[in-house]
1. Condition (residue is in contact (Cβ under 8 Å) with a residue 40 or more places away in the chain, touching a helix residue (DSSP H, G or I) at 6+ places or on another chain (Cβ under 7 Å) and over 19 Å from residue 7 (Cα atoms)) applied to the range 20-32: is it met by at least one residue?
2. Which of the residues spanning the range 88-120 are in a helix (DSSP H, G or I) and surrounded by fewer than 11 Cβ atoms within 10 Å (Cβ to Cβ)?
3. Which of the residues spanning the range 93-117 are touching a strand residue (DSSP E or B) at 6+ places or on another chain (Cβ under 8 Å) and either closer than 15 Å to residue 52 by Cβ or near the ligand (Cβ under 10 Å from one of its atoms) (or both)?
4. Please enumerate the residues belonging to the range 39-97 that are within 29 Å of residue 21 (Cα to Cα) and in contact (Cβ under 8 Å) with a residue 60 or more places away in the chain.
5. Does residue 73 satisfy the criteria of being within 16 Å of the ligand (Cβ to nearest atom), closer than 23 Å to residue 129 by Cβ, outside any strand (DSSP E or B) and in contact with a helix residue (DSSP H, G or I) (Cβ under 8 Å, 6 or more places away or on another chain)?
6. One residue is enough: does the range 120-131 have a residue meeting the conditions within 12 Å of the ligand (Cβ to nearest atom), closer than 27 Å to residue 37 by Cα and over 14 Å from the mean Cα position of the chain (by Cα)?
7. Enumerate the pairs (first residue in the range 116-129 and more than 10 Å from residue 78 (Cβ to Cβ) and at pLDDT below 90; second residue anywhere and within 10 Å of the ligand (Cβ to nearest atom) and in a loop (DSSP other than H, G, I, E, B)) with beta-carbon separation below 8 Å, excluding pairs fewer than 6 apart on the same chain, so at least 6 apart or on different chains.
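The values are calculated or read from the model by the stated rules, or taken from the named source; none is laboratory data. Predicted, not measured: the structure shown is a model, and the values here were computed from it. Virtual Cβ from ideal backbone geometry, glycine too; neighbours counted across all protein chains shown.
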Ligand SMILES: [Zn+2]
């Protein structure tokens with residue numbers, strides 16, 4: 001994987017991931033990296049700092065992606081995302097849902113639970129807050 005395919009930059013919602021080269025539909029972008037913890041433990045930590053980086057892989061396992069080494073944590077939520085997370089074999093990989101042009105922010109839909117907990121009415125995605 002080339003390091004030059006995306007960069008971390010300023011977005012409407014704080015820091016975000018931006019494409020620096022064209023990304024084809026269906027192309028692998030980045031893996032969501034972190035320590036694997038039990039989903040039960042993750043739920044106990046729900047309201048703690050860093051909880052927004054907990055990524056549930058299954059009923060059993062959750063990835064704690066709060067480490068800065070996990071660059072996928074900079075992916076912002078969008079209600080109209082251009083990327084999606086696919087979990088398999090206990091890992092979470094992010095793929096392009098459509099063609100992504102250089103300069104475009106890479107976004108994914110973090111789902112209802114995340115939205116209610118961390119975004120609420122303040123969604124700043126392209127669909128909710130058009131520029
Ligand atoms: Zn939105």
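1. No, because not a single residue in the range 20-32 is in contact (Cβ under 8 Å) with a residue 40 or more places away in the chain, touching a helix residue (DSSP H, G or I) at 6+ places or on another chain (Cβ under 7 Å) and over 19 Å from residue 7 (Cα atoms).
2. Scanning the range 88-120 gives 112, 113, 116.
3. Once the filter is applied, which keeps residues that are touching a strand residue (DSSP E or B) at 6+ places or on another chain (Cβ under 8 Å) and either closer than 15 Å to residue 52 by Cβ or near the ligand (Cβ under 10 Å from one of its atoms) (or both), the range 93-117 yields 107, 108, 109, 110, 114, 115.
4. Within the range 39-97, 52, 71, 74, 76, 77, 91, 92, 93, 94, 95, 96, 97 meet the criteria.
5. Here the answer is no, as residue 73 does not meet what is asked.
6. Taking every residue of the range 120-131 in turn, at least one turns out to be within 12 Å of the ligand (Cβ to nearest atom), closer than 27 Å to residue 37 by Cα and over 14 Å from the mean Cα position of the chain (by Cα).
7. Here the result reads 129/123, each pair linking the range 116-129 to a residue that is within 10 Å of the ligand (Cβ to nearest atom) and in a loop (DSSP other than H, G, I, E, B).
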